[in-house]
Amino acid sequence: MTQQSFSQTYYLIAGTYTKPKKSEGIYTYVFDSKSGDARFVSSIYTENPSYLALNKERTHIYAVNENGNDKGAASSFSFNASNGSLQSLGTTRLSHGDDPCYAGLDATGKWVAVANYTGGSLAIFPVQADGSLGEAAQVIAHSGTGPDKERQEKAHVHSTVFTPDNKYLAVADLGIDKLMLYPFDATSSKPLDEKAVEISTPPASGPRHLVFHPTKPYAYLVCELSGTVIAYHYQNGKLTELQQLSSHPADFKGDIGSAAIHFSPDGRFLYASNRGVCNNIAIYSVDNSGKLNLLGYQPTGGDHPRDFTIDPSGNFLLAGNMISGNIAVFKRDKTTGLLTDTGKRITIPQPTVLLFTQIK
């Protein structure tokens, strides 16, 4: 890619799997939101940083280390928004569960919640004065099974998302077809009330990731096993279902592996990625009632789009194709929400999570 004429730029930060293929861990790029070009800035090694969270001050990044064999962990880094570099704060905390796969940061910036997929649990860590993580304040284990005997043989916590009012932690459990809302108090030393509000999802749906609308009282859950997106109205710790909509064509037959779900910056369009044999992005418009309308699909230019992101200008969507080892760049039509493949690719080993932030 050309490195000239970078005029409207952001940092693109990517987490990766470091095994079995060699990876540097976390990568930082400068991305031009006018041309769609990117150039490498820096990297820092940490083992299997499969999900990342950046604080609102853009000073610290928190990563899960998706390891098994009682080595699941969470790591903290300082982030220099002037030059894009990261530095380890030297604190790697056990997540008290195997294969942590998600990190969520609360609105105060004082708590990081981690989802342990194989461990079937969640852990919440205090953020210390220097930005590093303290030992886990609470670990909550889920139990149960689902009808899919291979994928739902036990609890599998897949995401930990704080509600926009910062009063609840929403936890999606793929293994037991549950979305749990834990009351949250950021001022407490044990901030989670372990008596959660339980929302059941359809049997064998496998809830994975939840996203809230940027300005309206709606939430959207992508289900990995059924390839379904569920729309909810959210108010005061209550999620009321509005709609269920497939992220696949009506006549689709084959492996389903829905993954990530994200909004356009203006909140008009919602996107969900599908792995399996699809390797595409489902595109939805959002009406005033919170319901979705399926607009179409965009192939992701690679295999296994585990995550994707949209740059802050809304001009481009970037899809991280994990198995292919690339990030594909798509031009967004802000009026229709539809995508066009630019043909531009960023080569990177096993990308698992992508996020954008402003340059200082």
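We did not get these values from a lab; they are worked out from the coordinates using the rules stated. Just so you know, these numbers come straight off a predicted model, no measurement behind them. Cβ placement follows ideal geometry from the backbone for every residue including glycine, while neighbour counts extend to all protein chains displayed.
What is the range 136-215's relative contact order, in percent, from Cα pairs under 8 angstrom and six or more apart in sequence? Don't skip to the end; give the middle numbers.
Details: 167 pairs, mean separation 22.0, N = 80.
About 27 percent, as a whole number.
Counted by Cβ distance under 12 Å from TYR271, the other residues give a net charge of +1, where Lys and Arg count +1 and Asp and Glu count -1.
Could you list VAL197, VAL112 so that the one with the fewest beta carbons within 10 Å of its beta carbon is first and the one with the most is last? Write out the running numbers ahead of the final one.
On the way: VAL197 15, VAL112 27.
With the fewest neighbours first, VAL197, VAL112 line up as VAL197, VAL112.
The alpha carbon centroids of the range 125-164 and the range 5-57 are separated by 25 Å. Scanning the chain for GluC sites (Glu not before Pro) in DSSP loops with at most 12 neighbouring Cβ atoms within 10 Å leaves 195-360 as the longest stretch between them.
The gain in end-to-end length when the ARG58 to SER82 segment is fully stretched comes to 7.6 nm, 0.36 nm per residue minus the alpha carbon separation.
Listed by chain and number, the aspartates and glutamates placed with their C-alpha closer than 14 angstrom to that of LYS216 are ASP165, ASP266, ASP287; residues fewer than eight positions away on the same chain are left out.
Each of THR16, THR335 was scored by other Cβ atoms within 10 Å of its Cβ. Listed from fewest to most, they are THR335, THR16.
Charged neighbours of PRO164, selected by a Cβ distance under 15 Å, balance to +2 (K, R count +1; D, E count -1).
The alpha carbon gyration tensor of the chain gives principal lengths a ≥ b ≥ c with a/c below 1.5, which makes the shape rounded.
By a straight-distance test (C-alpha under 18 Å), which lysines pair with LYS331 as possible cross-link partners, with residues fewer than eight away in the same chain excluded? The reachable lysines, counting only those whose Cα sits under 18 Å from LYS331, are LYS34, LYS344.
Checked against a 21 Å cut-off, the cross-linked pairs LYS21/LYS154; LYS19/LYS71; LYS149/LYS178; LYS22/LYS149; LYS22/LYS71; LYS167/LYS238 give Cα-Cα distances beyond that limit for LYS21/LYS154; LYS22/LYS149.
Using Cα pairs under 8 angstrom and six or more residues apart, how large is the relative contact order of the range 82-229, in percent?
Relative contact order for the range 82-229 comes out at 16 percent.
About its Cα centre, the chain has a charge dipole of approximately 660 debye under the convention of +1 per Lys or Arg Cβ and -1 per Asp or Glu Cβ, with nothing else charged. FRET efficiency for ASP130 and GLN358, Cβ-Cβ distance as r, R0 = 30 Å, nearest 0.05? Plugging the Cβ-Cβ distance into 1/(1 + (r/R0)^6) gives 0.85.
Computed over the chain, relative contact order equals 12 percent, with contacts defined as Cα pairs under 8 Å that lie 6+ residues apart. Considering only VAL64, VAL222, VAL30, the mean-square fluctuation computed in a Gaussian network model of the chain, springs between alpha carbons under 10 angstrom, is largest for VAL30. All other residues whose Cβ lies under 14 angstrom from that of GLY227 are scored, Lys and Arg at +1 and Asp and Glu at -1, for a net of 0.
Taking other Cβ within 10 Å of each residue's Cβ, how do THR352, THR118, THR108 sort, fewest first? Walk me through the numbers on the way to the answer.
On the way: THR352 24, THR118 20, THR108 14.
Fewest to most other Cβ atoms nearby, the residues stand as THR108, THR118, THR352.
Averaging Cα coordinates gives a centre for the range 337-360 and one for the range 233-274; these two points are 20 Å apart.
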